[in-house]
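The values are calculated or read from the model by the stated rules, or taken from the named source; none is laboratory data. Everything quoted here is computed from the prediction, not taken from an experiment. Using ideal geometry, Cβ is built from the backbone for each residue, glycine included, and neighbour counts are taken over all protein chains shown. Surface accessibility is based on the protein's heavy atoms, side chains included, excluding ligands, DNA and RNA. Shrake-Rupley method; radii C 1.70, N 1.55, O 1.52, S 1.80 Å.
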Amino acid sequence: MKSIVYIFIFLAAISLSAENKIVWPEPPQKARIVFENIITKSEDLKISKNFFSKFVDFVFGEDDKRLIKPFGIHVTDNNILYVTDTGQNSVFIFDKVKKSMHILEGLENEPFKSPIDVKSDYKNNIYITDSLSGFVYVFDENLKYVRKIGEKYKLHRPTGLAIDNVDEKIYVTDTLKHTIELFSFNGEHLKTIGSYGNKKEEFNKPTFIALDKSFNLYVTDSMNQRIQVFDSNGKFKFMFGERGKTAGTFANPRGITVDDQGNIYVTDTLFNKVQIFNKKGELLLVFGEDGINEGEFSLPIGISINSDGKLYVADSYNMRVQSFTKITHKDDF
């Protein structure tokens, strides 16, 4: 009899836990986005360390390091999470597969000055834009320095990154030049997209960028308060958004990512919200609000989603990353 009671209590606890989850939209509508976790340090991802690692951390202090000002963010399909931290000019790498956390601070004689965005390619090479040094730094999967992009073709203020693994191309936002610069994997400059202005194919301080599965390019044209979309050849397709204070408009769009269904996720640093649009640029959902609690933001910037629907947002002024899960329904976006 007692075992039956315990089972009932256990099932009730699971049900209560599910009901207490933070979701968007609110019930009785179907949940589309579910809050999962807050990440500030290795323990938040339940990364266990062996005795030697703990001893090294104790001696050198790495285990005490936590996010101060997360900025750019990138999650891979095997759930390696990369986070740039402009508060301590470092890149945090959380690897749940290898159960490790590493902190990359630049070269031995050339530390990062202001790392903004981070991406990885199919070889697990890591690319990091540094807006003050004017370079894109490339490291291999063992965190060994490979090369710098921007020595031959000068970048003024590199910020956003996107990687084309098929044609082995790198897209880099140059915010001060108001352009998107295209490079090969070996650093050869291939093309410039855009120029300064407020018409189509013109930018005013573009920041982050993303590629979808068809290699369409999405650009947060931040000071023009809109998103511009280009095809894989850099030809303009369409744009959406405008300055405003209501859902579907922008105050300061920054981070951008695209899921496998072509839906577009945009952070707005002044709204303290994430807005989700379909592939046509039509608004689907808004989640988050100003605050310090779970599911609330203070200056959200970087955003990234993987093929499993694991979504991460750099909640910059709250000194943390928040993780969410996208719920897919048959009649869903």
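Data overview
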quantity: Accessible-area ranking of Asp130, Asp260, Asp77, largest first, probe 1.4 Å; calculated: Asp77, Asp260, Asp130
quantity: HN-Hα J in Hz across the range 109-122 - Karplus 6.51, -1.76, 1.60, θ = phi - 60°, x for Gly and Pro; calculated: 10, 8, x, 4, 9, 6, x, 10, 10, 8, 9, 10, 9, 5
quantity: Relative contact order of the chain, defined on C-alpha pairs under 8 angstrom at six or more residues apart (%); calculated: 14 percent
quantity: Approximate spin-label separation Lys213-Tyr122, in nm, with each point projected 7 Å along Cα-to-Cβ; calculated: 1.6 nm
quantity: Estimated FRET transfer efficiency when R0 is 22 angstrom, pair His156-Asp77 (beta carbons, to 0.05); calculated: 0.10
quantity: Sequence-distant residues sharing a close amide H with Thr179 (under 5 Å, placed H); calculated: Asp174
quantity: The range 91-142 - percent of accessible surface contributed by carbon and sulfur, probe 1.4 Å; calculated: 46 percent
quantity: With DNA, RNA and ligands ignored, accessible area of His329 (1.4 Å probe; Å², nearest 10); calculated: 50 Å²
quantity: Options Phe183, Asn165, Phe230, ranked by Cα towards positive dipole end of the chain, top entry (Cβ charges); calculated: Phe230
quantity: Theoretical gain in end-to-end length, Ser307 to Asp231 [0.36 nm per residue, Cα-Cα removed]; calculated: 25.2 nm
quantity: 3J(HN,Hα) from dihedral phi, the range 131-137, Karplus parametrisation 6.51/-1.76/1.60, rounded to Hz, x for glycine, proline; calculated: 5, 8, 6, x, 10, 9, 8
quantity: Expected 222 nm ellipticity per residue - DSSP helices of 4 or more, -39500 (n - 2.57), all of the chain, to 500; calculated: -2500 deg cm²/dmol
quantity: Sequence of Glu168, Glu181, Glu202, Glu151 from largest to smallest accessible area, 1.4 Å probe; calculated: Glu151, Glu168, Glu202, Glu181
quantity: Per residue, in Å², the accessible surface of the chain once ligands and nucleic acids are set aside, probe 1.4 Å; calculated: 49 Å²
quantity: Share of alpha-carbon pairs per 20 Å distance bin for the chain, given as whole %; calculated: 32, 56, 11, 1
quantity: Segment Glu289-Ile22, extension gain: residue separation times 0.36 nm, minus the distance between their alpha carbons; calculated: 94.9 nm
quantity: FRET efficiency estimate (nearest 0.05) - Cβ-Cβ, Leu132 to Val97, R0 35 angstrom; calculated: 0.60
quantity: Solvent-accessible area, 1.4 Å probe, carbon plus sulfur percent, for the range 175-262; calculated: 46 percent
quantity: J(HN,Hα) series, the range 151-161, from Karplus relation 6.51 cos²θ - 1.76 cosθ + 1.60, nearest Hz, glycine and proline x; calculated: 7, 7, 10, 5, 9, 7, 8, x, 10, x, 9
